[in-house]
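The structure under discussion appears below in the form of structure tokens.
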Amino acid sequence: SIKAIESSSKEDDTTWLTYWVVYGVFSVAEFFSDIFLYWFPFYYAGKCLFLVWCMAPVSWNGSQVLYHNVIRPCFLRHHQTVDNVLGTLGTKA
């Protein structure tokens, strides 16, 4: 999904691919922290509001803000390493 977002041919899929990248990162983070987070009052209501904000059809929706300010800079710093590891795994498989 990140490769499709960063490709030169931009179409309407960019919005939803951005959402899915943010949702995937959120899901991984939640997997490791859920044991602590579910004790907070209104955690699930906050999670629902967060996901609605990420899907909102506005220019300042959560997926665009988080992708461009957090996920993209991290990906650009480490994408070569990830590509090398995935290439190595692909040849071994």
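Taking the range 30-60 as the search range and keeping residues that are open to solvent by 60 Å² or more (accessible area, probe 1.4 Å) and closer than 22 Å to P73 by Cβ, which one is modelled with the highest pLDDT?
W53
Considering the range 62-91 alone, what residues qualify as being of a type in the set (G, A, S) and touching a helix residue (DSSP H, G or I) at 6+ places or on another chain (Cβ under 6 Å)?
Passing the criteria: G62, S63.
Determine the pairs where a residue that is without any contact (Cβ under 8 Å) to a residue 60 or more places away in the chain, located within the range 33-45, has a partner that is part of a loop (DSSP other than H, G, I, E, B) and open to solvent by 100 Å² or more (accessible area, probe 1.4 Å) with Cβ atoms under 9 Å apart, the partner being 6 or more residues away or on another chain.
Close Cβ pairs (under 9 Å, with a partner that is part of a loop (DSSP other than H, G, I, E, B) and open to solvent by 100 Å² or more (accessible area, probe 1.4 Å)) amount to Y44/Y38.
Mind checking whether some residue in the range 2-14 is among the β-branched types (V, I, T) and open to solvent by 100 Å² or more (accessible area, probe 1.4 Å)?
The answer is no, given that none of the residues of the range 2-14 is among the β-branched types (V, I, T) and open to solvent by 100 Å² or more (accessible area, probe 1.4 Å).
Does V70 count as open to solvent by 60 Å² or more (accessible area, probe 1.4 Å) and at pLDDT 90 or above?
Numbers: open to solvent by 60 Å² or more (accessible area, probe 1.4 Å): yes; at pLDDT 90 or above: yes.
Against the criterion (open to solvent by 60 Å² or more (accessible area, probe 1.4 Å) and at pLDDT 90 or above), V70 qualifies.
The values are calculated or read from the model by the stated rules, or taken from the named source; none is laboratory data. Just so we're clear, the structure is a prediction, and the values are computed from it rather than from any experiment. Cβ: placed from backbone, ideal geometry, glycine included. Neighbour counts: every protein chain shown. Accessible surface is based on the protein model in full, side chains and every heavy atom, while ligands, DNA and RNA are left aside. Shrake-Rupley method; radii C 1.70, N 1.55, O 1.52, S 1.80 Å.
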